[in-house]
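A short worksheet on the structure shown next.
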Amino acid sequence: MDRAAFLTGQFLLAMPGIGDPRFERAVIAICGHDSNGAIGIGLGATIEGLGLHEVLAQFGIDAGAAPDAPVHFGGPVEPRRGFVIHSNDWGGQDTVNVGGRWALSGTIDILKAIAEGRGPSRWLVALGYAGWGEGQLDEELTRHGWFNVPGDLTLLYDTEADMRWERGFAEAGIDPRLLASSTGTA
């Protein structure tokens, strides 16, 4: 299996001392990775003071059956663009299957479906994304910075955003308190 196919549907955990404050303790769900680049949605932090009901109101959608779930900081790229990572039991006009583990949608039809109670059974809303150009993520993975773990659905749906980073490492058998914030050279 090539590395691109392997990373789609996986999580990247930012290593301590990654060097970019936007990615400190980041948990990124890799939703696509091929020869043209990669896209991921950040799930390690929520946007303080912003809930789904406010997002729905901005589109003139009545919240209806939707809980006022937190909105995640999806990444530094296009922070006003919304995405929903969700279970595979719903599909819309732009839904992409992510490695058979979850799906990604980015159009208003999924927000309407969630509000009307006919959307996916599990979902997370995020604003923005993390993106890498051709070969960029592959190169970053050769240096200190990112650690990949399986795309566990419990980590995705049943773990609070502020606990995903630690739990991701713990599930890999790593105590993140023992990680060095830099690497040496030989």
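Miscellaneous remarks
- Length released on extending from Asn88 to Glu116, taking residue separation times 0.36 nm less the Cα-Cα span: 8.3 nm
- Cα gyration tensor shape for region 47-119, rounded if a/c is under 1.5, else prolate or oblate: oblate
- Difference of contour (0.36 nm per residue) and Cα-Cα distance, Asn97 to Ile174: 24.8 nm
- Residue of Gly60, Gly117, Gly92 that the Gaussian network model of the chain assigns the largest fluctuation, springs spanning Cα pairs under 10 Å: Gly60
- Beta bridges per DSSP with both ends in the chain, % antiparallel, nearest 5: 90
- The residues of the chain expose on average 50 square angstrom of accessible surface per residue, using a 1.4 Å probe on protein heavy atoms.
- In terms of overall dimensions, the C-alpha atoms belonging to the chain reach 59, 33, 28 Å along their principal axes, ordered largest to smallest.
- For region 97-170, the Kirkwood hydrodynamic radius from C-alpha pairs, put into Stokes-Einstein at 4 °C and a viscosity of 1.567 mPa s, yields a diffusion coefficient of 87 µm² per second.
- On the chain, 50 percent of the accessible area sits on carbon and sulfur atoms, based on a 1.4 Å probe.
- Rg/Rh for region 3-65, where both radii come from Cα atoms and Rh is the Kirkwood radius: 1.12
- 222 nm mean residue ellipticity, helices alone, for the chain (DSSP H n ≥ 4; -39,500 (n - 2.57); rounded to 500): -5500 deg cm²/dmol
- Net charge, Pro150 excluded, C-beta distance under 12 Å - Lys, Arg +1, Asp, Glu -1: -1
- Fully extending the segment from Asp138 to Asp162 would add 6.0 nm, taking 0.36 nm per residue of separation and subtracting the current Cα-Cα distance.
- Positive contributions from Lys and Arg (+1) and negative ones from Asp and Glu (-1), summed over other residues with Cβ under 12 Å from the Cβ of Asp89, come out at +2.
The values are calculated or read from the model by the stated rules, or taken from the named source; none is laboratory data. Since the structure is predicted, the reported quantities are computational estimates derived from the model, not experimental observations. Because the Cβ atoms are built from the backbone with ideal geometry, glycine has one as well, and the counts that use them run over all protein chains shown. Accessible surface is based on the protein model in full, side chains and every heavy atom, while ligands, DNA and RNA are left aside. Shrake-Rupley method; radii C 1.70, N 1.55, O 1.52, S 1.80 Å.
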